[in-house]
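Data first, discussion second: the structure below is written as structure tokens.
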Amino acid sequence: MTNKLAYHANCWGPLGGDAVGVTSITQLAYRTYGDMEKAINDIASAGYEGTELFDANLLDYATGNFKGLKSILKNAGIKLVAAYSGANFIFDDILPEELAKLERAAAAGAECGAEHFVVGGGAKRAKGTKRDDIKKLGAALERVVRIAKKNGLKAHYHPHLSTIVEGPNEVRKIFKETSINFCPDTAHLAAAGGDVPAMIREHAKRISYVHLKGWQKKPFAFTPLDQGSLDIGAIIAALKDISFKGWITAELDSWPDPKDGAIHSLKFMRNAGL
């Protein structure tokens with residue numbers, strides 16, 4: 001099994017979003033409040049071939065400075081594999097604003113050499129999910145597919161805790177409503193009650209990019225791949241069973257020493273035959 005291994009840059013600082021998004025939907029984006037050049041260099045020196053960036057961190061370079069990011073990536077010997085973004089997707093009035101943001105993020109990813117565009121989302125309403133929310137989300141994700149295709153990218157949906165698509169039943173429902181590919185995040189799916197190896201086998205034809213993340217059940221925490229409650233070995237076995245040959249991005253939302261966490265996860269993946 002030959003895979004290219006990447007590491008998400010989201011661990012090199014606190015996670016959040018741009019506050020201006022509270023009053024301007026087009027400006028609402030994911031952000032790691034950290035030094036992306038240091039993150040990229042650490043990921044390279046840990047031994048990875050690629051990285052993934054949040055949309056806000058990527059768009060920081062949009063004001064005439066994509067050359068700067070390209071230079072950082074080239075000097076580190078790292079490829080930008082994917083851009084990650086998200087939206088509410090189910091509110092008709094703001095959907096055009098959200099899609100405008102996604103257009104910018106996809107274009108930025110493509111400009112910097114990415115292959116994949118990953119989105120999460122599907123808002124939970126204050127009074128509960130409405131009957132047609134999954135259909136609204138599916139229709140919006142079809143728009144994301146077109147945005148990605150226009151920019152030469154492959155679009156993926158990333159089920160996520162705190163959205164209307166968390167566990168196996170919701171995953172099945174949303175993939176009946178959209179042609180978008182499936183980016184499984186192993187920790188989020190497991191925390192939502194999913195049998196991750198079974199889900200990988202069930203949705204094999206949808207999977208062309210993977211987020212591999214460890215998870216500790218009690219107390220709840222995301223972990224490097226060699227720690228926690230989640231059987232990552234069984235997940236890797238499932239990926240081998242479906243002959244998955246694409247990019248695998250290890251991910252960890254926070255860790256006291258980000259590079260140390262990256263090294264632990266890479267060692268685990270290499271020992272598992274990735």
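Laboratory data are not the source of any read-out in this text; all were calculated from the coordinates shown. Since the structure is predicted, the reported quantities are computational estimates derived from the model, not experimental observations. Cβ atoms come from the backbone with ideal geometry, glycine included; neighbour counts cover every protein chain shown.
Among beta bridges from DSSP that stay inside the chain, the antiparallel ones total about 15%. Computed per residue of the chain from DSSP H runs no shorter than four, each worth -39500 (n - 2.57), the mean residue ellipticity at 222 nm is -11500 deg cm²/dmol. Panel note: the C-alpha atoms of the chain, placed on their principal axes, show extents of 47, 45, 35 Å (largest first). Label segment 139-249 by shape, choosing from rounded, prolate and oblate, from the square roots a ≥ b ≥ c of the eigenvalues of the Cα gyration tensor; if a/c is under 1.5 it is rounded, and otherwise prolate applies when a/b is larger than b/c, oblate when it is not. Because a/c hits 1.5 or more and a/b exceeds b/c, segment 139-249 counts as prolate.
The order of Glu142, Glu115, going from fewest to most other C-beta atoms within 10 Å of their C-beta, is Glu142, Glu115.
For Thr249, Thr186, Thr129, Thr163, the sequence from fewest to most other C-beta atoms within 10 Å is Thr129, Thr163, Thr249, Thr186.
Per-residue 3J(HN,Hα) values for segment 242-254, derived from phi via the Karplus relation 6.51 cos²θ - 1.76 cosθ + 1.60 with θ = phi - 60°, read 8, 6, 6, 10, x, 5, 10, 10, 6, 9, 7, 4, 7 Hz in sequence order (x marks Gly and Pro).
Among the chymotrypsin sites (Phe, Trp or Tyr not before Pro) in segment 78-117, none is located in a DSSP loop while being surrounded by at most 12 other Cβ atoms within 10 Å of its own Cβ.
Loop exposure criterion: trypsin sites (Lys or Arg not before Pro), DSSP state outside H, G, I, E and B, at most 15 other Cβ atoms within 10 Å. Applied to the chain, the longest stretch between such sites is 1-123. Once you order the gyration tensor axes a ≥ b ≥ c over the Cα atoms, which shape class does segment 70-213 get: rounded for a/c under 1.5, otherwise prolate or oblate by comparing a/b with b/c? Verdict is oblate for segment 70-213.
Relative contact order, whole percent, for segment 4-271 stands at 18, derived from Cα pairs under 8 Å and 6 or more residues apart. By the count of other C-beta atoms within 10 Å, a proxy for reagent exposure, Tyr209, Tyr33 are ordered fewest to most as Tyr33, Tyr209.
Only Lys, Arg, Asp and Glu carry charge here, each on its Cβ (+1 for the first two, -1 for the last two); on that basis the chain has a dipole of about 680 debye about its Cα centre.
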